1. Using the 10 angstrom Cβ neighbour count as an exposure proxy, how do 180, 167, 84, 120 rank, fewest first?
2. Please report 75, 185 as a ranked list, fewest other C-beta atoms within 10 angstrom at the top and most at the bottom.
3. Between residue 178 and residue 78, 0.36 nm times their residue separation minus their Cα-Cα distance comes to what?
4. Expected output is a single nm value to one decimal: the length gained when fully extending between residue 157 and residue 88, i.e. 0.36 nm times separation in residues minus the C-alpha distance. What is it?
5. Say we join alpha carbon atoms closer than 10 Å with springs in a Gaussian network model of the chain; which of 172, 85, 14 then has the biggest fluctuation?
6. How would 131, 47, 8 line up from fewest to most surrounding beta-carbon atoms within 10 angstrom?
7. Can you quote the Å³ per residue value for the convex hull of the Cα atoms in region 2-193, rounded to an integer?
8. Among 96, 154, 78, whose mean-square fluctuation peaks in a Gaussian network model of the chain (Cα, cutoff 10 Å)?
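Readers should treat all values here as calculations from the given coordinates under stated rules, not as data from a laboratory. Just so it is clear, the model here is predicted, and its values are computed rather than measured. Quick reminder, even Gly has a Cβ in these numbers, built from the backbone with ideal geometry, and neighbours come from all protein chains shown.
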Amino acid sequence: MIFNEFAYIAHPDEPTPEAMLEHNGRPKTLAHVRAVAQECQRIAGTYGLDASKCRMAGLLHDVSAVIKAADMLSWAQQNGLPLCEAEERYPFLLHQRLSAVAAQQAFGVADEDVLSAVACHTTLKAHASPYDMALFLADKIAWDQPGEPPYLEQVLQALDQSLEKACLVYMEYAAGSLLCPHDSWVQALDWLKHKTL
Ligand SMILES: [Fe+2]
Ligand SMILES: [Fe+2]
């Protein structure tokens, strides 16, 4: 189990992602994942998705933040995960994939909608499902920084039209500031640009 491989990780009695974050000194991440779970459930209500899957995806999505970024990279290399250049340069990008690994190994999650959404919540991916897009957007709307995100109004307006439109608006906003975009991000943006929205 991935969390057992790092001696510095504390193991709460209660095996939940929230307890994991709390017991490993991540109060800000805990507040963030709760806000994301709430926002993801709100999006579920608008788009007819399963609210419990959206809640679960929100609570799980950043749980691997208890692992140090350098360890994320060495774990991924040792376990033969194919890596893109962005992940090698910025190993914290791996937290989306490692949170999905942790969801399976530490919390017994088997739901493909949840695992897929967690695994691409930072970058999205081409042919994203409504669950992938709902979590991606919830993570950006309920971001983990102080104050309101600068793109909030634009993204919420687009979300009145469709999940795809909202993802595209956010990605076009953020694209200019990415020094080394993740392969999945590039493919997702290309997919959305060529999709009829
Ligand atoms: Fe994240
Ligand atoms: Fe997040």
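1. Values: 180 13, 167 27, 84 16, 120 24.
So the residues, fewest neighbours to most, are 180, 84, 120, 167.
2. On the way: 75 20, 185 23.
The most exposed by this proxy come first: 75, 185.
3. Details: separation 100, 0.36 × 100 = 36.00 nm, distance 2.73 nm.
Once the chain is fully extended between residue 178 and residue 78, it gains 33.3 nm.
4. Numbers: separation 69, 0.36 × 69 = 24.84 nm, distance 3.49 nm.
Taking residue 157 through residue 88 to full extension adds about 21.3 nm, to one decimal.
5. Result for the chain, Cα springs under 10 Å: 14 fluctuates most.
6. Values: 131 26, 47 15, 8 9.
By the 10 Å Cβ count, ascending, the order reads 8, 47, 131.
7. On the way: hull volume 21.6 nm³, N = 192.
Measuring per residue, one finds 113 Å³ for the Cα hull of region 2-193.
8. For the chain, modelled as a Gaussian network with Cα springs under 10 Å, the answer is 78.
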